[in-house]
Amino acid sequence: MKKGPIHLPALSARMGDWRYYTTVMRLADAKVWIEFADEVAEIRPGRQLSDLIQRALTKGRAAEIAKYLVGETDHFFNALVVAVYGGEPEWMEFNVSPTAGTRSKDGGDPVPAWARSAFGYLHLTGTETLFALDGQHRLAGIKLAVADKPELADELVSVIVVSHKKTDAGRRRTRKLFTTLNKTAVAVNKSEIIALDESDTGAIITRRLVEEHPYFSRGQVLTKYGTTNLSATDAEHFMTIIKLYDVVTYLLGYVVNSLTREARIELRYVRPKDDELEKHYIRVVDFLEKLIAAIPELKSYFSKTGDAAKAVVKGERFTNRNVLFRAVGLDIFLRLTPKLVEEKGSIKAAIAVLSKIPRAFTNKPYRDVLYSVAEEKILPGRVTLTIRLLKHMLGFTDRDKVQLIKAYAEAIGEDPDDVKLPARIAGIG
């Protein structure tokens with residue numbers, strides 16, 4: 001699309017040796033004017049490594065942001081940072097000074113010169129090239145969202161504009177700025193999402209569980225900021241709040257609902273109506289309560305509080321080596337659930353099967369596959385193999401039984417010719 005002249009209201013500033021302009025652009029203009037570095041002449045054959053100043057875009061992330069813009073009326077972005085070169089960009093400074101009757105009432109010092117000269121328009125002729133240095137996924141989301149919902153076109157986004165020079169020195173300088181922006185940017189972590197996000201359905205339900213539900217609001221959940229997993233010596237808590245959020249999110253997407261990828265994204269970025277949110281909460285709670293009721297050790301733990309509950313954790317985690325009292329074991333059980341629901345026809349029937357699966361790390365299939373008995377520790381990188389072995393034990397046909405035997409033999413340190421897969425679990429129809 002052809003670009004015509006544009007006047008952008010802006011503030012002029014300097015930091016370090018960078019002169020920059022803080023402005024706003026209509027989303028429609030950002031869609032047209034701002035490009036990605038791999039789309040402009042700066043990315044030339046044979047110069048990819050030296051000129052590359054843009055991270056590869058992830059289509060899925062752009063779609064998530066577009067969904068957020070389209071679906072949430074209270075959406076908001078921080079500023080994009082873009083580089084400009086070519087054409088004839090012009091800074092048109094205002095002559096700003098307080099008029100009579102508008103001076104500060106306390107009679108303070110007059111507005112300093114640096115502040116008076118900061119206001120103006122940044123005029124672009126239409127021949128300039130702008131490309132994103134920071135905010136490329138947001139830019140991609142804007143382009144998708146405006147195409148999907150044209151009424152977003154007149155909304156405004158903050159844009160910081162810096163000058164780029166088409167020389168080797170200029171490219172190095174711009175690359176340095178790009179890496180600085182991206183290395184120093186701090187992504188919102190899960191603790192902040194769980195505590196504050198009013199759009200993410202998983203976060204909303206997690207907060208409600210730890211605030212209201214007796215199974216999760218009486219000290220069972222460690223709510224320490226930034227802590228994903230319990231320490232190896234924790235004998236007090238069942239899980240962290242981040243792990244509970246992961247459990248809730250997985251249940252929403254794959255177990256209590258069977259959602260497409262697009263629908264799972266929507267649950268993260270678009271808050272459901274209150275009645276739908278309540279249905280999601282009830283489904284999650286119903287599954288968790290049914291699972292806990294079906295497994296005696298879980299029922300014993302969640303029916304107790306205080307020292308009595310801590311005693312159950314200590315006994316199951318450190319004496320009985322119960323897989324469900326470790327995050328990895330809970331993950332495995334959950335990842336088995338969708339297949340069982342599909343095969344058995346209901347969540348209730350799937351949970352009945354889950355209750356028959358071995359739950360001691362010292363038993364097959366975990367022994368020396370997922371858990372080293374000699375070293376008394378969980379072995380990394382073995383979750384997928386463990387799930388395949390459990391599916392075999394549940395009567396499912398593996399896609400490559402010979403390869404499964406070989407992988408199992410390698411894990412336990414034996415010859416494949418001497419190894420048999422773990423026996424099927426009895427009592428499962």
(message) From the phi angles alone, apply the Karplus equation (6.51, -1.76, 1.60; θ = phi - 60°) to region 136-153 and give each ³J(HN,Hα) in whole Hz, x where the residue is Gly or Pro.
(response) 5, 6, 5, 4, 4, x, 4, 4, 5, 5, 5, 5, 7, 9, x, 5, 6, 4
(message) Give me the net charge for the shell around ALA411: Cβ to Cβ below 12 angstrom, other residues only, Lys and Arg +1, Asp and Glu -1.
(response) +2
(message) As a test of reading the structure, rank THR227, THR233 by solvent-accessible area (1.4 Å probe, protein chains only), most first.
(response) THR233, THR227
(request) Have a look at LYS348, LYS356, LYS273 and tell me which one the Gaussian network model of the chain (Cα, springs below 10 Å) gives the largest fluctuation. (result) LYS273
(request) Could you please report the charge total around ALA352, scoring K, R as +1 and D, E as -1 over all other residues with beta-carbon less than 10 angstrom from its beta-carbon? (result) +4
(message) For semi-axes √(5λ) of the Cα gyration tensor in Å, pick the label among (i) 70, 33, 18; (ii) 54, 27, 21; (iii) 47, 28, 19 that corresponds to the value derived from the coordinates.
(response) (ii)
(message) Suppose only helical runs count, i.e. DSSP H with n ≥ 4. What mean residue ellipticity at 222 nm does that imply for the chain under -39500 (n - 2.57) per run, divided by all residues and rounded to the nearest 500 deg cm²/dmol?
(response) -12500 deg cm²/dmol
(message) Please report the antiparallel percentage of DSSP beta bridges with both residues in the chain, rounded to the nearest 5.
(response) 75
(request) Between the alpha-carbon centers of region 12-28 and region 329-390, tell me the distance in whole angstrom. (result) 54
(message) Which log10 I(q)/I(0) values does region 117-235 give at q = 0.12, 0.17, 0.22 Å⁻¹ under the Debye formula, counting every alpha carbon as one identical point scatterer?
(response) -0.77, -1.07, -1.35
(request) Mind telling me which of THR73, THR305, THR240 comes out most flexible in a GNM of the chain, alpha-carbon contacts under 10 Å? (result) THR73
(message) Please list 3J(HN,Hα) in residue order for region 239-248, calculated via the Karplus relation 6.51 cos²θ - 1.76 cosθ + 1.60 where θ = phi - 60°; whole Hz, with x for glycine and proline.
(response) 7, 8, 5, 5, 5, 4, 4, 4, 4, 4
(message) Counting pairwise Cα distances across region 325-429, what percent come out greater than 18 angstrom?
(response) 47
(message) I need to check one value: relative contact order of the chain, counting alpha carbon pairs closer than 8 Å and at least 6 residues apart, in percent.
(response) 14
(message) Translational diffusion coefficient of region 209-368 at 20 °C, 1.002 mPa s, Stokes-Einstein with Kirkwood Rh over Cα pairs, in µm²/s as a whole number.
(response) 129
(request) With a/c under 1.5 counting as rounded, go ahead and sort region 237-315 into rounded, prolate or oblate using the C-alpha gyration tensor (a ≥ b ≥ c being the square roots of the eigenvalues; past the cut-off, prolate if a/b is larger than b/c, else oblate). (result) prolate
(message) Give me the net charge for the shell around ILE282: Cβ to Cβ below 13 angstrom, other residues only, Lys and Arg +1, Asp and Glu -1.
(response) -3
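The values are calculated or read from the model by the stated rules, or taken from the named source; none is laboratory data. Predicted model only: the values in this text are computed from it and were never measured. Here the Cβ is made from the backbone with ideal geometry for all residues, glycine too, and neighbour counts use every protein chain on show. We work out accessible area using only protein heavy atoms, side chains counted, and drop any ligands, DNA or RNA first. Shrake-Rupley method; radii C 1.70, N 1.55, O 1.52, S 1.80 Å.
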